[in-house]
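Input: a single structure, listed below in structure tokens.
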Amino acid sequence: MENLKKSIGAVISLTKLAESSLEDGKVSIIEGAKLAIGTFQLWNAVKNYKELYAEFKALDEAQKTELNDWFAVEFEIKNDEVEFIVEQVFSALLSLSSLVKA
């Protein structure tokens, strides 16, 4: 599950970086460079998607609950409504994956 957390963490980091970069409605050169680095880090985290998929398929219900709880703690953005929606979608996708597996 650690590779999944690393990959999801890279998405969360990039999201937070984009949010802070766009606060003033524009992206400076430094912010753009940070976003480029964040995108590269995201690519490094997800480029082995086959391994991530295998790791995801192997999760049991307790691990999915743990992953969902971890995501809810880690995913923090300034817009609470959007944060709530994203967390609910993430939770729903985890639940749906159990149904599809069955």
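The values are calculated or read from the model by the stated rules, or taken from the named source; none is laboratory data. Quick caveat, the model's predicted, so the values are computed rather than measured. Using ideal geometry, Cβ is built from the backbone for each residue, glycine included, and neighbour counts are taken over all protein chains shown. Heads up: the accessible areas ignore ligands, DNA and RNA and are worked out on the full protein's heavy atoms, side chains in. Shrake-Rupley method; radii C 1.70, N 1.55, O 1.52, S 1.80 Å.
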message = For segment 73-89, give me each residue that is open to solvent by 40 Å² or more (accessible area, probe 1.4 Å), within 15 Å of residue 15 (Cβ to Cβ) and not acidic (Asp, Glu).
response = 73, 78, 79, 82, 84, 85, 86, 89
ask   = Can you name the residue in segment 25-43 that is under 20 Å from the mean Cα position of the chain (by Cα) and among the β-branched types (Val, Ile, Thr) and, of all such residues, is least open to solvent (accessible area, probe 1.4 Å)?
value = 39
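For a quick check of your reading: which helices (runs of 4 or more DSSP H) sit entirely within segment 1-87 and have at least 1 residues that are of a type outside the set (Gly, Ala, Ser) and in contact (Cβ under 8 Å) with a residue 60 or more places away in the chain? I'd like the intermediate steps shown before the answer.
Working: elements: 2-21, 29-46, 49-57, 61-74.
Qualifying helices (runs of 4 or more DSSP H): 2-21, 61-74.
State whether one or more residues within segment 52-64 are of a type in the set (A, V, I, L, M, F, W, C) and within 16 Å of the chain's Cα centre (by Cα).
First, the residues of segment 52-64 that are of a type in the set (A, V, I, L, M, F, W, C): 52, 54, 56, 58-59, 62.
Those still in the list that are within 16 Å of the chain's Cα centre (by Cα) too: 52, 56.
Yes, segment 52-64 contains a residue that is of a type in the set (A, V, I, L, M, F, W, C) and within 16 Å of the chain's Cα centre (by Cα).
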Conditions (1) loosely packed, with under 15 Cβ neighbours inside 10 Å; (2) closer than 14 Å to residue 10 by Cβ; number of the one not met by residue 58 = (2)
query = residue 17 is checked against (1) crowded, with 16+ Cβ neighbours inside 10 Å; (2) at pLDDT 90 or above and fails just one. What number does that condition carry?
reply = (2)
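Out of all the residues in segment 2-13, is one or more in contact with an Asp or Glu (Cβ under 6 Å, 6 or more places away or on another chain) and open to solvent by 40 Å² or more (accessible area, probe 1.4 Å)?
Looking only at segment 2-13, we keep the residues that are in contact with an Asp or Glu (Cβ under 6 Å, 6 or more places away or on another chain), and these are 3-4, 12.
Now drop any that are not open to solvent by 40 Å² or more (accessible area, probe 1.4 Å), which leaves 3.
Yes, segment 2-13 has at least one match.
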